[in-house]
1. Give, rounded to the nearest 20 debye, the magnitude of the charge dipole that segment B:53-297 has about its Cα centre when Lys and Arg contribute +1 at Cβ and Asp and Glu contribute -1 at Cβ.
2. State to the nearest 20 debye the size of the charge dipole of the protein assembly as shown about its Cα centre, where the only charges are +1 on K and R beta carbons and -1 on D and E beta carbons.
3. Name the most mobile residue of A:HIS129, A:HIS151, A:HIS330, meaning the one with the largest mean-square fluctuation, in a Gaussian network model of chain A with Cα contacts below 10 Å.
4. Note down the nm distance, to one decimal, between modelled labels 7 Å out along Cα→Cβ at B:TRP301 and at B:CYS504.
5. Just name one of B:ALA475, B:LEU380, B:SER430: the one whose Cα is farthest towards the positive end of the charge dipole of segment B:303-514 (beta-carbon charges, Lys/Arg +1, Asp/Glu -1).
6. In whole Å, how far is the Cα centre of segment B:211-246 from that of segment A:105-175?
7. Along the Cα→Cβ direction, 7 angstrom out, place labels at A:THR158 and B:ALA280. What is the inter-label distance in nm?
8. Of all the C-alpha pairs in chain A, what % are more than 30 Å from each other?
Amino acid sequence: MTLSDKRLSPLAVALVLLAAACGGSSGGGGTAATGSQVVLVTHDSFAIPKQVKAAFERQTGYRLRILQGGDAGEALNRALLTKGNPQGDVIFGIDNNLLSRAVGAGLLDPYTAKGLDRVDARYELDPTHELTPIDHADVCLNVDRRWFASHGVAAPTTLEDLVKPAYHKLLVVENPATSTPGLAFMLATIARFGESGWQGYWKQLRENGVLVVDGWEEAYTARFSGAGGSKGTRPIVVSYATSPPAEVIYAKKRPTTAPTASVAASCFRQVELAGVLRGATNADGARALIDFMLGERFQAALPESMFVLPVRNRTPLPDAFRRYAVSPAHPLELPAAAIGRNRDRWIDEWARVTLH
Amino acid sequence: MGPGHSALTRGRALALGTVPVAFLALFFAYPLATILERGLTSDGGLSLPEGTTALVWFTTWQAAASTLLTLVAGLPLAWAIGRFRFRGRSLARALVLVPFVLPTVVVATAFLDLLPADLQRGVPAILAAHVFFNVAVVTRIVGGAWATVDARSEEAAAVLGAGPLRRAREVTLPRLAPALSAASALTFLFCFTSFGVILILGGPGRATVETEIYNRAARLFDLQAAAALSILQLLAVAVVLTVASVLEARAGDGGALADEGDVLRRPTGGRRVAVAGILAIAAVVLVLPLAVLVGHSLGSWHLLFEETPALLVEPWQAAVYSVAFASVAAAIALVVGGIAAITLARRPPGVLDGFVLLPLGASAVMLGFGFIITFDAAPLDFRSSWWLVPVAQSLVAAPFVVRIVTPALRSIDPRLREAAATLGASPGRSRREVDLPLVSRAFGIAAGFAFAIALGEFGATVFVARAEQPTLPVAIFRFLGRPGAESQGTAAALAVVLAGITVCAALAAERLGDGRGRGF
């Protein structure tokens with residue numbers, strides 16, 4: 001494709017849109033011939049490089065269309081709402097915290113993907129194969145290394161550290177009711193301190209001046225001092241194990257070492273999965289897409305497109321991810337069923353202890 | 001004019017009026033009713049969740065306080081812009097629209113950069129942000145009306161010995177009343193259904209009815225509570241609208257329209273100082289957050305023209321899709337809203353005027369959910385069609401068009417039309433040559449608003465957004481959600497582009513409206 005027709009295409013689309021609008025609203029359905037396309041329903045953090053998308057389309061002959069919006073929970077709720085007559089063929093982005101809401105609900109058709117034998121058993125969270133693991137990215141505390149070096153304070157290495165006076169007013173976390181990493185961090189404290197101990201821990205965090213904000217965007221880019229270009233003042237934040245390499249790759253001037261680091265002992269397991277929606281228009285295409293997502297090409301592109309790590313064994317990682325992304329062998333975790341049963345009650349209790 | 005003739009016109013008007021009614025029925029009432037019905041029948045009946053009273057109380061009082069403050073902040077600016085001629089006037093009018101379209105999270109981040117830490121959260125921050133976002137509504141609607149109040153009536157009153165207060169109370173205020181009421185009702189609605197501002201600046205745990213509906217529907221998947229709260233919100237909005245339109249009807253019509261050229265004066269003496277002061281304050285408040293954004297964007301502009309793993313297109317292309325979608329949405333809003341306004345203007349102001357705003361009282365997430373479960377089977381299988389994006393946007397934009405154009409149509413001096421008829425002009429011709437030029441300015445303002453609203457709309461759009469054609473707000477959110485200084489810089493650059501397009505569109509719409517006016 002030459003440069004000039006690449007530039008032209010959105011203009012052409014704009015003109016077609018305008019022409020269609022002028023021609024009246026009844027100008028035939030906007031849906032192309034179904035069957036020749038695969039529709040992926042996902043959250044708004046999903047990203048796929050153009051070349052990788054083209055590779056899927058070339059290999060399978062299906063056109064890939066992506067419908068995305070909201071976070072993972074919202075995407076799943078939309079799928080549940082349209083159960084039986086889904087908006088697309090595949091859903092991607094259901095994580096271990098949402099898994100129990102999706103599996104066994106008649107939402108998905110089981111499928112054992114090609115390439116699943118290349119995936120470490122610890123990521124296979126659904127023995128019924130309604131959901132196939134695609135990537136993982138643990139939620140971990142991130143620390144601003146420069147801040148701790150210049151203030152002569154040691155960076156925290158455990159969850160227990162955070163309630164010490166040395167870390168007064170240094171931590172910013174996300175609200176578990178409104179944020180995926182916020183929920184994972186709350187679950188991490190439950191996994192670490194148990195059903196009866198975690199509320200006390202949060203009471204201490206509160207006394208030690210924890211700042212709670214609603215979303216990752218605000219916590220990481222506006223409140224955390226370690227994010228590139230941020231005017232934030234807090235050197236500890238709840239983010240991902242893959243955020244430190246991103247600070248290297250997407251810095252304005254590439255630093256020699258990562259300005260931030262993850263606290264390995266705080267990491268909570270986060271696996272993202274995909275499934276074939278029951279009632280899919282193109283079930284064959286859906287299965288082909290899941291195979292492709294477990295394939296070498298898509299898996300290798302994951303770190304730089306979505307800041308998550310591949311689940312397929314021996315997938316080569318970009319240099320910065322190899323050096324700065326932690327991947328603890330035994331992160332904190334809770335059984336999906338327990339999360340499903342207790343999630344809403346835990347969030348209510350958390351709000352009572354932390355906010356009111 | 002014979003009786004048969006007028007009956008024909010009435011028949012045609014009735015037929016015309018079915019267009020907006022059908023549009024609303026199909027794209028608003030039907031999907032909303034479907035999702036509410038699903039919510040209420042799935043798990044047992046209409047019951048409101050615990051804590052609803054406190055929720056409604058907070059929602060109402062913060063909206064009332066925000067509206068009052070927005071009026072206080074917006075009226076001086078409306079006076080300066082509506083009454084006086086000065087260099088950069090068009091630019092000032094265009095600039096006030098910018099906060100209105102920028103995504104909340106972008107503005108909130110700029111606020112966080114500017115405000116001292118202890119003022120960043122809580123109710124004062126919510127009120128300040130609501131004023132910042134909605135000052136455009138008051139400035140443009142009231143300012144537009146002020147520019148068409150015949151200054152000679154005020155002067156005549158002055159000659160007859162009325163003091164400035166009495167002149168304001170007895171001459172100016174009654175003429176501004178419809179615009180004031182419209183602007184207040186719109187501002188109240190926006191603050192009542194406010195979402196992003198509450199989430200980010202309110203801090204965790206702070207909720208309004210709208211944020212709670214979202215929380216129940218999108219996060220907890222508790223459709224029953226979401227449906228009950230949605231109905232409550234619609235009822236509350238309906239009550240507010242009824243009250244507003246009764247007040248408005250009592251205030252009467254705005255009197256004769258004057259041509260802007262006759263009204264605008266160069267400020268002199270003390271007024272000169274006042275106008276300069278108002279504009280200076282407004283400039284600082286409106287431009288400072290923008291300057292922060294420009295600062296964040298420096299060094300990232302080249303990235304708009306580079307491929308990125310974050311989007312399937314180069315970032316600049318999002319601007320093209322945004323403009324395309326918003327143009328279609330503005331066109332739909334102008335046609336549907338314009339027809340509704342023409343139909344409404346034939347009757348005296350009443351409750352119906354207010355109810356035009358009802359779509360703004362619906363929760364975006366519930367409407368979005370309604371779209372995907374209603375338009376999912378033949379012959380209405382278009383939940384995946386591209387044009388659902390501009391249709392969703394136009395649902396928010398069309399009420400503005402109606403509210404801005406209807407008062408202008410009503411205030412056309414009937415004597416002008418009679419004069420035209422006496423001179424032998426057909427009703428069609430008198431409408432074309434008398435009404436149209438006079439209301440073209442109102443259409444210009446409405447078009448600018450409609451385009452701007454569509455450009456910034458995010459709520460309902462995400463349900464039908466397609467990755468292949470990202471709009472600017474979608475692209476901004478994508479980059480904001482990625483770590484690394486480059487991504488944040490790209491988001492800021494895209495936000496500056498969004499602001500720039502808004503200013504250009506508002507300037508163009510105004511020029512279009514004025515150009516026709518001059519022709520007359």
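The values are calculated or read from the model by the stated rules, or taken from the named source; none is laboratory data. These figures come from a predicted structure and were not determined experimentally. Please note: Cβ atoms are built from the backbone with ideal geometry, for glycine as well, and neighbour counts cover all protein chains shown. What goes into the accessible areas is simple: the full protein's heavy atoms, side chains included, and nothing from ligands, DNA or RNA. Shrake-Rupley method; radii C 1.70, N 1.55, O 1.52, S 1.80 Å.
1. Details: 20 positive and 14 negative charges, 135 e Å.
Charge dipole, segment B:53-297, about its Cα centre: 640 debye, nearest 20.
2. Details: 78 positive and 67 negative charges, 502 e Å.
So the magnitude is around 2420 debye.
3. Of A:HIS129, A:HIS151, A:HIS330, the Gaussian network model singles out A:HIS151 as fluctuating most.
4. 1.3
5. Result: B:SER430.
6. Segment B:211-246 and segment A:105-175 have Cα centres separated by 36 Å.
7. So the two model labels end up 6.0 nm from each other.
8. Working: 26696 of 63190 pairs.
Here the long-distance tail beyond 30 Å is 42 percent of all Cα pairs in chain A.
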